[in-house]
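Chemist: Below is the structure I would like to discuss, written out as structure tokens.
Nothing in this text is a laboratory measurement; each read-out follows from the coordinates by a stated rule. What you see is a predicted model, and the numbers here were worked out from it, not measured in a lab. Quick reminder, even Gly has a Cβ in these numbers, built from the backbone with ideal geometry, and neighbours come from all protein chains shown.
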Amino acid sequence: MNCNLIIKGKYVLTMNEKMDVFNDGIVVVDNDRIIEIGTKEILKKYKSKKIIDAGNSIVMPGLISTHTHAAMAYFRGLADDLPLKEWLEKHIWPAEAKYVNQDFIKQASRLACLEMIKSGVTCFNDMYFFEEETASIASQRGMRACVGEAILDFPTASCKNPEDALKKTEEMILRYKDSELISVAVAPHSIYVCSKENLIKAKKLANKYSVNLHMHISETKKENEDCLRDNKKSPVKYLDEFGILDNKTIAAHSIWLDNADIEIYKNRQIKISHCPISNMKLASGVMNFEKMNESNLTISLGTDGAASNNTLDLFSEMRVCALLHKVNNLNSEIASSGEVVKMATINGAKTLDMDNKIGSLEIGKKADIITINLDKPHLSPIYNPYSHLVYAVNSADVENAIINGKIIMHDRNVLGVDEDKILREACKFQ
């Protein structure tokens, strides 16, 4: 039988429900979908003009970053070692007011997408300004993206007021409703820059089109304390009181939650995007991973923006996630490598309501696949591929990326992209 693409590798990690692994495995792709997975015996059934023989490698689902501000890549390292409030109000917001326009977003999104592809990210969930530009660049690169125009009570670089942002969001939902690669979320920034009235409007819009609502929740101690002072309840209880929280809510950060808040998350089936590096760098706090995990919540990983991370590298995020929660809980068994790889793959897909088509290598799912070269000193020998992915692999070990059945990166060359030009443009901005 003819097919479009055959991928071979030493280990094929499916990330399916049984966590099946095929040694000397094969993934067969036709058009945009996986049609068979197995060992070399299945090669007798298929032939293809395109074969990626990745040799001594891990073949696995592409990584999914569930909370980013992609175009903030141009603010990488701009104002480091500061608390969140000062970082935002005295540095990031003034820089955005000065620099952010459509051209800025377009150029910075080119850099961000290049960085993510080269580090194995095949899908990202974004919140920022001029999101139509980020969506356009992602689509041109062949990447999956869920984009959300940031909604705030005051004017932003791209919208005169929150009504304008809501209108723009609705227009994007309709524009991309049939897109293969781009989806849209409603993205009110947070309770401290969105009034109750605007949060309710945002949720009504999300409900109208049955799309996700993506926002920052309980990121800092100050956010929590201010809400307790002003509303006599936590941010989670405040949002739950007027119907913002349900199984279509993606809650970024979620650090300052008490047991009652976690119970609300459990009852409402909230999806969490955990951003440990950003949370550590801004000294925001440590999420209660143990309690949330015991509550069977869907926890995925995000990098946040490169201005507070300072990369878009999910391999770094996986490593830090595992190490942080082990030491924080004085428990070496918590956040196991298998659990953490799930957070970066199938849990990411569940967070974005895409687990029916991406997040694992299964027959019928979209072919979003990466390969990782194990012929490296720091990756030899190998006893457990999950352990290597979390504790040893780095982003430069990703060699190939396939998205929606198309080869996007081959032997670390992103196809159809002038990488030097993108880097030159970034340096000009500096």
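Chemist: How charged is the neighbourhood of LEU88? Take every other residue with its Cβ under 13 Å from the Cβ of LEU88, and add Lys/Arg as +1 and Asp/Glu as -1. If you can, show how the numbers build up before the last one.
Modeler: Numbers: positive: LYS85, LYS90, LYS222; negative: GLU86, GLU89, GLU96, GLU219, GLU223, ASP304.
Residues close to LEU88 contribute a combined charge of -3.
Chemist: Could you give the distance between the Cα centres of the range 242-260 and the range 321-336, to the whole Å?
Modeler: Cα centroid to Cα centroid, the span is 23 Å.
Chemist: So which trypsin sites (Lys or Arg not before Pro) in the range 192-266 end up in coil per DSSP with only 13 or fewer other C-beta atoms within 10 Å?
Modeler: On the way: sites: LYS196, LYS201, LYS203, LYS204, LYS208, LYS221, LYS222, ARG229, LYS232, LYS233, LYS237, LYS248, LYS266; in loops: LYS232, LYS233, LYS248.
Answer by residue number: LYS232.
Chemist: Something else: Would you kindly give the portion of the calculated P(r) for the range 135-228 that falls above 19 Å, as a percent of all Cα pairs? Intermediate values should be presented prior to the final figure.
Modeler: Working: 1887 of 4371 pairs.
For the range 135-228, the fraction of Cα-Cα distances above 19 Å is 43 percent.
Chemist: Here's a follow-up. Percent antiparallel among DSSP beta bridges with both residues in the chain, to the nearest 5? Walk me through the numbers on the way to the answer.
Modeler: Working: 29 of 63 bridges.
Approximately 45 percent, going by the DSSP bridge assignments.
Chemist: Evaluate the relative contact order of the range 63-351 (contact order divided by residue number), counting alpha-carbon pairs under 8 angstrom at least 6 apart; express in whole percent.
Modeler: Details: 562 pairs, mean separation 59.4, N = 289.
Relative contact order for the range 63-351 comes out at 21 percent.
Chemist: Distances longer than 25 Å among the Cα atoms of the range 194-343: what percent of all pairs is that? Could you put the intermediate results ahead of the total?
Modeler: Working: 3125 of 11175 pairs.
So the pairs more than 25 Å apart make up 28 percent of the total in the range 194-343.
Chemist: With all distinct Cα pairs included, what does the Kirkwood hydrodynamic radius of the chain come out to in Å, to one decimal, could you say?
Modeler: Working: mean 1/r = 0.0460 Å⁻¹.
Its Kirkwood hydrodynamic radius stands at 21.7 Å.
Chemist: For each of ILE92, ILE64, count neighbouring Cβ atoms within 10 Å of the residue's Cβ, then give the residues from fewest to most.
Modeler: Numbers: ILE92 21, ILE64 31.
If I rank by nearby Cβ atoms, fewest first, I get ILE92, ILE64.
Chemist: Starting from the range 213-301, pick out the chymotrypsin sites (Phe, Trp or Tyr not before Pro) whose DSSP state is loop and whose Cβ has at most 16 other Cβ atoms within 10 Å. Provide the component values of the computation, followed by the final result.
Modeler: Numbers: sites: TYR238, PHE242, TRP256, TYR265, PHE289; in loops: PHE242, TRP256.
Within the range 213-301, the qualifying chymotrypsin sites (Phe, Trp or Tyr not before Pro) (loop, at most 16 other Cβ atoms within 10 Å) are PHE242.
Chemist: Still on this structure, please answer the following. What percent do you get for the relative contact order of the range 161-219 when only Cα pairs under 8 Å and 6+ apart count?
Modeler: Numbers: 54 pairs, mean separation 20.6, N = 59.
Relative contact order comes out at 35 percent.
Chemist: Once you keep just the Cα pairs under 8 angstrom separated by 6 or more residues, what percentage relative contact order results for the range 1-117? Numbers along the way, then the final one.
Modeler: Working: 156 pairs, mean separation 29.2, N = 117.
After rounding, I find 25 percent.
Chemist: Let me ask something else. Straight-line reach from LYS428: which aspartates and glutamates have Cα under 14 Å away, leaving out those fewer than 8 places along the same chain?
Modeler: Leaving aside aspartates and glutamates fewer than 8 places away in the same chain, those within reach of LYS428 are ASP103, ASP420.
Chemist: Over all directions, average the projected area of the Cα convex hull of the range 23-168 and note it in nm².
Modeler: Details: hull surface 47.3 nm².
Projected over every direction and averaged, the Cα hull of the range 23-168 covers 11.8 nm².
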